[in-house]
Amino acid sequence: MKICFIGKYPPIEGGVSMQSYWIAYGLAERGHHIRFVTNANEVEASYRMHIMEDDASWYEPRFEPSGGFVKVRNSEPFSRGRMGHIPVANPFVTKLSSIATQIVMSQSCDLIYSSYFEPYGMAAYLASQWTGVPFVVQHAGSDLDRLMKVPDLSTAYKEMLKAAACVVTKRALTPRFLGMGIDPSRIEDNLVFGLRTSLFNPQAAPMDVNDFLRQIGDTHTRGAAGDSQWNPGPIDLTTPTIGIYGKVGVFKGSFDLISALSQLKKEGMQFNFLAMTQGVQLDSFKRCVLEAGIEDRTWILPFVPHWKVPGFIRACTAVCFLERDFPIAIHGPTVPREVMACGTCLIISKEIACKQVYRKEVADRINMIVVDDPKDHRELAAALKYVIEHPQDAREIAARGHEISKPLEDFSAYIDGYEGVVHRFSDTTQTSRKLREHSSQQKPTAEQRQVGRELRKEAGTVSDEVVVSALPYTSLLLADRLKSILEDFRRESKALNGNELKNAIAFCQLLTHLHSQERIPTECPYLGDMIKYESTDLGMLLEDSNRGMLPFYMGLDRLAGKEFSAENVEGLRPIKSNRLQIIEFDYDVQALIKALDRDPGSPPAADPKKTLILFQTFPNLTRLKLKINETTRQLLDACDGSKPCQQIVAEFADRQGVASPAARQDLSRKFYTTLKQLYDNGTIIFC
């Protein structure tokens, strides 16, 4: 099959580039012809891999037995002379969509596959519109939970997603796409990642670090400032070696690691620090190494291609992955799995350990070393010291970690999943043509509606699993009654369809009705509040046509990119989001939820307590549930964009009879503190 890929590719570093590369590689190995369109050669130096002559056969692999191959087409680098316009911008979407269209037409491609919304998904969308060839889009964490959260970007992404033949996501995120109006038959949420263990294994040859340093000269020793010389001498890998690789950053724990290693040097510990890292914070990282006094035992390497990463891992006694407080909750890094697959000791933050599919098997100092909080540098130093003082124990921990890895990594099954997507949604399949016909009209004909029904083979069901996932605490309180209510719902409801989200919302409506009619026998006095809380949250996921026509904020944020301060916002007009509602409850539902988390088997006793909850939906359909007080509700009522902050606070003071300058100043301080919290949450902007 002929496939046009649009996405990240070496020399771009990172998880998205890595997965895109291996998907293309695996499909080509099976005989598919892959034309990969990318802007990878335009990547900035901070995120560029160091590719050498011996990487050529990996960069554009060809497979003689199957006839498959990957052919890479890079975009022309931006130049002001040829592409400059005002205001200046590199026209990535235009370039990539243009190149992809040329390739799809000239090579008669059957499918366009894209990964990451910006600019690749948008370019795939345009190329698909111009050629009539269907496209698939896959997202990562940061495009869905950072870029798509920006109102000025989100509408375009949603239209792109709605036009895709298939959206590749994870099962836990499917309700968001259902809420956007994506047909369930177009969502693929069951592709399981697997490493290529022919490369990532304990037998992988360790990198010859000294030879690598000789080949790249001293380029690894200089940052953007170009001043600092890094340890030109050879590294002795018989000394315990602590390694890290990936982007440098505060949230990555990079600076925590330096502080902990500095403590160990002061204690007289001997070790090497091998860092394959780059990024915009690299100069700060280097300065931190100097200030910590560990430059004599630190080697900083440039990024290497994905296929050389196992050698780096095998050169280390232990590899750290200390990500913590990461702002994108759904971020799912694969570095820990790569380390375990290579049979090297993994030092991991508890935050990341809890995100892994193998989290129940994690045992500190048994199959990996877990650091509860890398910001606690004493704790981190103790973990590192253990590895340095007990390298044999580290090898045994690594071996047990590898045992966890073995059943996880199935590269063949991983490519099976993507090959299934390619076959189901390519231009050569009847299903794809039906899907495109079904979606091409805003008002489908009766025949097209029938096609949609045929494609939704699971229509008319709502599983126990879906309900428990959507209404976890209501399900706990209903206990054994849940099953019988669900059975009645499935049997009697005529509104069920293939959209699990809509089915779950319909079930919520039934529960609300039954509870109001006192037809759900229960001893729990706050069951009604729990149903209301979870059904409101669930309903916020669904973008109906009326709400969808309104922008998220009726204005442009004039504070964007600036620091929040009373002086900066007092003359600006706060305006609240159009996607929020404030609901009053008889009980403190969030406190009850915390109690149920502690002891799911025993519903807590509770006294009535009037509580206000703010429910808000963001452009990417993440939600906020915030307990507020009456004063905050009144403040939000005043955030209608009609008055500047200084006028609102003055009117508040007058209404409350606050007269003295000191009292008014105190009220003003509380006012701006609350405004900042609301602004940081994204509940208000300033216009």
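Whole-percent P(r), the chain, all Cα pairs, 20 Å bins from 0: 15, 43, 36, 6, 0. In terms of packing, defined here as the mean over residues of other Cβ atoms within 10 angstrom, the peptides 474-480, 159-165 line up highest first as 159-165, 474-480.
In terms of the mean number of neighbouring beta-carbon atoms within 10 Å, the peptides 339-349, 664-674, 29-39 order highest first as 339-349, 29-39, 664-674. Take every DSSP beta bridge whose two residues both sit in the chain; close to 30 percent of them are antiparallel.
From least to most packed, judged by other beta carbons within 10 angstrom and beginning with the fewest, L621, L580 follow the order L580, L621. Classify the range 522-671 as rounded, prolate or oblate from the Cα gyration tensor: take a ≥ b ≥ c as the square roots of its eigenvalues, call it rounded if a/c is under 1.5, otherwise prolate when a/b beats b/c and oblate if not. Cα axes put the range 522-671 in the oblate bin. Here the range 209-405 carries DSSP beta bridges of which approximately 0% are antiparallel, counting only pairs with both residues inside. Here V192, V43 are placed in order of increasing Cβ neighbour count within 10 Å, fewest first, which gives V192, V43. Using θ = phi - 60° in the Karplus curve 6.51 cos²θ - 1.76 cosθ + 1.60, the 3J(HN,Hα) couplings for the range 464-474 round to 4, 4, 5, 5, 5, 5, 7, 10, x, 7, 4 Hz; x is entered for Gly and Pro. Rounded, prolate or oblate, given the Cα gyration tensor of the range 209-405, with a/c below 1.5 counting as rounded? The shape class here is rounded.
Under 20 Å from a point 7 Å along the Cα-to-Cβ line of K162: which residues of the range 610-630 have their amide N that close? Label zone hits: 617-622. Multiplying each eigenvalue of the alpha-carbon gyration tensor of the range 322-385 by 5 and taking the square root yields semi-axes of 17, 16, 10 Å, largest first, rounded to whole angstroms. For the listed residue pairs K162/K502; K247/K360; K2/K71, the alpha carbons are over 20 angstrom apart in K247/K360. M105 sits among other residues whose Cβ lies under 12 Å from its own Cβ, and their net charge, with Lys and Arg +1 and Asp and Glu -1, is +2. The fewest-to-most ranking of C4, C288, C639, C320 by surrounding Cβ atoms within 10 Å reads C288, C639, C4, C320. Across the chain, Cα pairs under 8 Å and at least six residues apart give a relative contact order of 11 percent. Neighbours of L636, meaning other residues whose beta-carbon lies under 12 angstrom from its beta-carbon, give a summed charge of -1 when Lys and Arg score +1 and Asp and Glu score -1. Helices in the chain, meaning DSSP H runs of at least 4 residues, each add -39500 (n - 2.57). Divided by all residues, the mean residue ellipticity at 222 nm is -13000 deg cm²/dmol. Using 0.36 nm per residue and subtracting the Cα-Cα separation, the extra length available between L556 and C354 on full extension is 68.9 nm.
Principal axis analysis of the Cα atoms in the range 2-188 yields extents of 47, 45, 31 Å, listed in decreasing size. Just to verify a number: FRET efficiency for R365 and E118, C-beta to C-beta distance, R0 = 56 Å, to 0.05? Efficiency at R0 = 56 Å is approximately 0.85. When only Cα pairs below 8 angstrom with a gap of at least 6 residues are kept, the range 593-687 shows a relative contact order of 17 percent. Over the range 209-405, Cα pairs under 8 Å with separation of 6+ residues give a relative contact order of 23 percent. Applying 1/(1 + (r/R0)^6) with R0 = 56 Å to the Cβ-Cβ distance of N190 and D236 gives a FRET efficiency near 0.75. For F251 and T512, FRET efficiency with R0 = 45 Å and r from the beta-carbon atoms, rounded to 0.05? So, using R0 = 45 Å, E works out to roughly 0.65.
Bear in mind that the values in this text are calculations on the coordinates, not laboratory data. Note that this is a predicted model, so its numbers are computed, not measured. We place every Cβ from the backbone using ideal geometry, glycine too, and count neighbours over all the protein chains shown.
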